[in-house]
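The structure under discussion appears below in the form of structure tokens.
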Amino acid sequence: MSYTAINFTEKFKKIDDQWSPKVIAGMNDYQFKLAKVQGEFVWHHHPDTDEVFIVIEGVLDIEFRDGSVRLEKGEMYVVPKGVEHKPIADRECRIMLVEPRGTVNTGDTQSDLTAQNDVWV
């Protein structure tokens, strides 16, 4: 067994594209994903799972149909399953997502921003 820490900085260096989460670890049926995000994402929801956003660096706004939440470095938010939301980052923001294996980044919405799933870095 290897006992090596996962270094976020080194993993982020391997990510070039925006809004395309990359898997860095798995735990049971969950995956830990890193993503660089900038601009507006699409309105979407995940009918079968909550979605966790953790801001590693930068600022992320998550809009809802009836409000919004702002996340800064070191903060997180859990979007409940079925709740429509749209993440926005005015400047590049680095985030971690925690979600069940197989979760598509755009949820129930097909978009040009729908990323290939289960890509590891």
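Rounded if a/c is under 1.5, else prolate if a/b is larger than b/c, else oblate: which is region 77-121, with a ≥ b ≥ c the root eigenvalues of its Cα gyration tensor?
rounded
Looking at the chain, how many pairs of lysines come closer than 24 Å at the Cα, when each pair is eight or more places apart or spans two chains?
Taking the chain as the scope, the lysine pair count is 25.
Is region 12-103 rounded, prolate or oblate when judged by the Cα gyration tensor, a ≥ b ≥ c being the square roots of its eigenvalues, rounded requiring a/c under 1.5 and prolate requiring a/b larger than b/c?
Since a/c reaches 1.5 but b/c is at least a/b, the shape of region 12-103 is classed as oblate.
Under a Cβ-Cβ cut-off of 12 Å, what is the net charge of the residues other than Lys33 that fall near it, where Lys and Arg count +1 and Asp and Glu count -1?
On the way: positive: Lys11, Lys22, Lys36, Arg94, Arg101; negative: Glu51, Glu99, Asp118.
Net charge in that neighbourhood comes out at +2.
Taking 0.36 nm per residue of sequence separation and subtracting the Cα-Cα distance, how much length would be gained by fully extending the chain between Thr4 and Lys81, in nm to one decimal?
24.4 nm
In the chain, if the dipole is taken from +1 on Lys/Arg beta carbons and -1 on Asp/Glu beta carbons about the Cα centre, which of Ile6, His46, Val59 is farthest to the positive end?
Towards the positive end, the residue furthest out is Ile6.
Explain nothing, just the number: dipole magnitude of the chain about its Cα centre with +1 on each Lys and Arg Cβ and -1 on each Asp and Glu Cβ, in debye rounded to the nearest 20.
In total the dipole reaches around 420 debye.
I want to make sure I understand the PRE zone here: with the label point 7 angstrom from the Cα of Asp66 toward its beta carbon, which residues in region 84-98 have backbone N atoms less than 14 Å away?
The answer is 84-85, whose backbone nitrogens lie closer than 14 Å to the label point.
Assign one of three labels to region 1-61, namely rounded, prolate or oblate, based on the Cα gyration tensor with a ≥ b ≥ c the square roots of its eigenvalues; rounded applies when a/c is under 1.5, prolate when it is not and a/b is larger than b/c, and oblate otherwise.
In terms of gyration-tensor shape, oblate.
Summarise the accessible area of the chain (1.4 Å probe, protein heavy atoms) by the percent that is carbon and sulfur.
Within the chain, the accessible surface is 47 percent carbon and sulfur.
Probe of 1.4 angstrom, ligands and nucleic acids ignored: what's the accessible area per residue over the chain, in square angstrom?
Here the residues of the chain average 58 Å² of exposed surface.
The values are calculated or read from the model by the stated rules, or taken from the named source; none is laboratory data. In this text, all values refer to a predicted model and were calculated from it rather than measured experimentally. Here the Cβ is made from the backbone with ideal geometry for all residues, glycine too, and neighbour counts use every protein chain on show. Ligands, DNA and RNA are stripped out before the accessible areas are found, and what is left, the full protein with its side chains, is counted by its heavy atoms. Shrake-Rupley method; radii C 1.70, N 1.55, O 1.52, S 1.80 Å.
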